[in-house]
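S.K.: Have a look at this one.
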Amino acid sequence: MAYSIRLFGQIAEMAGATTLEVDAVADVQSLRATVEARIPGLQQLPYLVAVDKDIVTGNAVLESSALIALLPPYSGG
Amino acid sequence: MAYSIRLFGQIAEMAGATTLEVDAVADVQSLRATVEARIPGLQQLPYLVAVDKDIVTGNAVLESSALIALLPPYSGG
Amino acid sequence: MDKERKIKNIFVQGAVAPAFVAESIAKHSTKTDIGAHSIFMGQVRADVIDGKTVAAIEYTTYEEMALEKMHEIREAIFRQYPLTCMHIHHSLGRIAAGDICLFVFTSSGHRKAAIDACAEVVERIKKELPVWGREIFDNETHQWKENK
Amino acid sequence: MDKERKIKNIFVQGAVAPAFVAESIAKHSTKTDIGAHSIFMGQVRADVIDGKTVAAIEYTTYEEMALEKMHEIREAIFRQYPLTCMHIHHSLGRIAAGDICLFVFTSSGHRKAAIDACAEVVERIKKELPVWGREIFDNETHQWKENK
């Protein structure tokens with residue numbers, strides 16, 4: 001089991017890719033630790049985690065079917 | 001000495017004219033009494049008096065050169 | 001009349017055309033310090049009153065006074081908000097239901113000033129400009145509007 | 001996705017043309033219960049940062065999420081305000097300084113609803129839509145914007 005995480009904006013630029021494959025993790029907190037270890041500089045950025053197109057605030061268990069995305073601060077409009 | 005008073009909107013319609021000639025009066029209060037006697041229905045309308053293009057609230061002495069206008073409630077925009 | 005800015009005419013005979021709005025917007029693309037535009041437009045409603053439908057509103061004004069008043073409002077708004085520009089057009093004459101009778105356009109570096117200034121100008125126009133609208137019904141009777 | 005209203009696309013490739021704004025306005029002349037239109041437009045500023053000038057902003061989005069979020073915002077706004085209609089267009093891709101990148105258009109019977117709804121939609125778009133703008137400088141370096 002693994003996730004194909006979607007990366008956007010500045011995070012995609014930092015990773016040099018628009019997706020990142022990571023092994024299964026239990027929850028969003030573990031996910032954050034994992035992706036921060038993989039993408040240099042990410043830890044310094046106040047990014048959001050979206051699961052199934054909703055922002056997760058705090059922690060949450062991750063289903064194996066979860067659609068995960070990492071979102072840097074918004075700047076639309 | 002007399003004033004040629006400008007009438008607008010509903011007041012012009014009530015008077016059937018866009019100006020009204022009135023003999024000299026001392027102040028705005030006297031003016032109001034005079035025009036209300038001349039224009040039937042005016043007393044029932046909450047109209048404003050403009051002197052030299054400024055609204056007069058309360059009473060004020062009228063110079064002989066005063067440019068007077070009667071303004072019904074606004075409805076622009 | 002030596003005021004800070006020249007007194008501008010805001011009155012136009014007839015409705016404000018959407019194409020005119022587009023031209024106004026397009027002219028601002030060279031002003032690259034603008035980040036936000038706010039526009040308000042008044043449109044004549046076909047209100048039904050006692051079974052009669054409003055077909056048009058006929059606008060008249062005390063023009064000399066209205067333009068001086070608008071000038072005062074404009075100066076006050078420019079003092080209050082960091083605006084790049086402000087454009088105002090008010091129709092006179094008979095404006096059919098569905099047509100635009102007022103166009104207020106403010107621009108600024110950032111959204112808050114543009115939005116707040118536009119809203120305040122609209123309120124002040126409604127409250128302070130000597131302009132009168134006569135609602136003409138489909139049977140050619142009429143009644144005078146009054147702003148709330 | 002059985003929601004009350006259909007999820008609408010708000011994204012357009014490239015700038016919003018003033019002529020498009022005019023067409024949108026003109027389409028509303030048949031809706032004669034409308035008395036007030038409020039429009040907000042965002043325009044790309046040629047900001048100067050550390051001696052470099054912004055030549056364009058390149059917008060990207062997480063489209064599926066943004067459209068769902070926009071749908072939620074739209075539904076909430078329609079519940080809050082008596083609007084006749086609401087139209088939103090956000091640019092994607094490279095938008096040059098001076099061009100329009102956001103167009104929000106609300107209409108109502110009376111001015112307060114149209115104005116307040118428009119202002120609130122703009123705030124929510126800035127705060128809640130997963131959209132990113134990369135400021136491209138005249139020397140082709142860039143930096144990422146962040147909404148305040």
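Yes/no per residue for (1) under 30 Å from residue C:112 (Cα atoms); (2) modelled with pLDDT of 95 or more; (3) buried (at least 17 other Cβ atoms within 10 Å of the Cβ):
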site	(1), (2), (3)
C:9	yes, yes, no
C:25	yes, yes, yes
C:31	yes, yes, no
C:42	yes, yes, yes
C:61	no, yes, yes
C:66	yes, yes, yes
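S.K.: Would you mention how many residues in the range C:1-43 are more than 11 Å from chain D (Cβ to nearest Cβ), in contact (Cβ under 8 Å) with a residue 40 or more places away in the chain and not aromatic (Phe, Trp, Tyr)?
M.R.: Qualifying residue count for the region: 10.
S.K.: State all residues of the range B:1-31 that are β-branched (Val, Ile, Thr), within 14 Å of chain C (Cβ to nearest Cβ) and either more than 26 Å from residue C:133 (Cα to Cα) or outside any helix (DSSP H, G or I) (or both); if no residue qualifies, say none.
M.R.: Matches in the range B:1-31: B:5, B:18, B:19.
S.K.: Pull out all pairs, ordered by first then second residue, where Cβ-Cβ is under 9 Å, the residues are six or more apart or on different chains, the first lies in the range B:1-20 and is closer than 16 Å to residue B:45 by Cα, and the second is of a type in the set (Lys, Arg).
M.R.: Close Cβ pairs satisfying both conditions: B:9/C:134; B:10/C:134; B:12/B:6; B:13/C:134; B:15/B:38.
S.K.: Go through (1) crowded, with 17+ Cβ neighbours inside 10 Å; (2) part of a helix (DSSP H, G or I) for residue D:79 and report which single condition fails.
M.R.: Result: residue D:79 passes all but (1).
S.K.: Let me ask something additional. Being in contact with an Asp or Glu (Cβ under 7 Å, 6 or more places away or on another chain), in contact (Cβ under 8 Å) with a residue 40 or more places away in the chain and either of a type in the set (Gly, Ala, Ser) or part of a loop (DSSP other than H, G, I, E, B) (or both) is the requirement here; does residue D:66 meet it?
M.R.: Judged against the criteria, residue D:66 is not a match.
S.K.: Would you confirm, using the coordinates I've provided, whether residue D:46 is within 8 Å of chain C (Cβ to nearest Cβ) and either under 21 Å from residue D:123 (Cβ atoms) or assigned to a loop (DSSP other than H, G, I, E, B) (or both)?
M.R.: yes
S.K.: Take the residues in the range D:110-148 that are more than 7 Å from every other protein chain (Cβ to nearest Cβ), in a loop (DSSP other than H, G, I, E, B) and in contact (Cβ under 8 Å) with a residue 60 or more places away in the chain, then tell me which one is nearest to residue C:126 (Cα to Cα).
M.R.: Here the answer is D:110.
S.K.: In this structure, is residue A:36 under 12 Å from the mean Cα position of the chain (by Cα), surrounded by 13 or more Cβ atoms within 10 Å (Cβ to Cβ) and of a type in the set (Asp, Glu)?
M.R.: For residue A:36, the condition - under 12 Å from the mean Cα position of the chain (by Cα), surrounded by 13 or more Cβ atoms within 10 Å (Cβ to Cβ) and of a type in the set (Asp, Glu) - is met.
S.K.: I'd like the full set of residues that are charged (D, E, K, R) and surrounded by 18 or more Cβ atoms within 10 Å (Cβ to Cβ), limited to the range C:125-148.
M.R.: C:126, C:134, C:135, C:145
S.K.: Can you tell me how many residues in the range A:32-73 are touching a helix residue (DSSP H, G or I) at 6+ places or on another chain (Cβ under 7 Å), at the interface with chain D (Cβ under 8 Å from one of its Cβ atoms) and either in a loop (DSSP other than H, G, I, E, B) or without any contact (Cβ under 8 Å) to a residue 12 or more places away in the chain (or both)?
M.R.: Of the residues in the range A:32-73, 2 are touching a helix residue (DSSP H, G or I) at 6+ places or on another chain (Cβ under 7 Å), at the interface with chain D (Cβ under 8 Å from one of its Cβ atoms) and either in a loop (DSSP other than H, G, I, E, B) or without any contact (Cβ under 8 Å) to a residue 12 or more places away in the chain (or both).
The values are calculated or read from the model by the stated rules, or taken from the named source; none is laboratory data. The structure presented is a predicted model; accordingly, all values stated were derived computationally and were not measured. With ideal geometry, Cβ positions are generated from the backbone for all residues, glycine too; neighbour counts draw on all protein chains shown.
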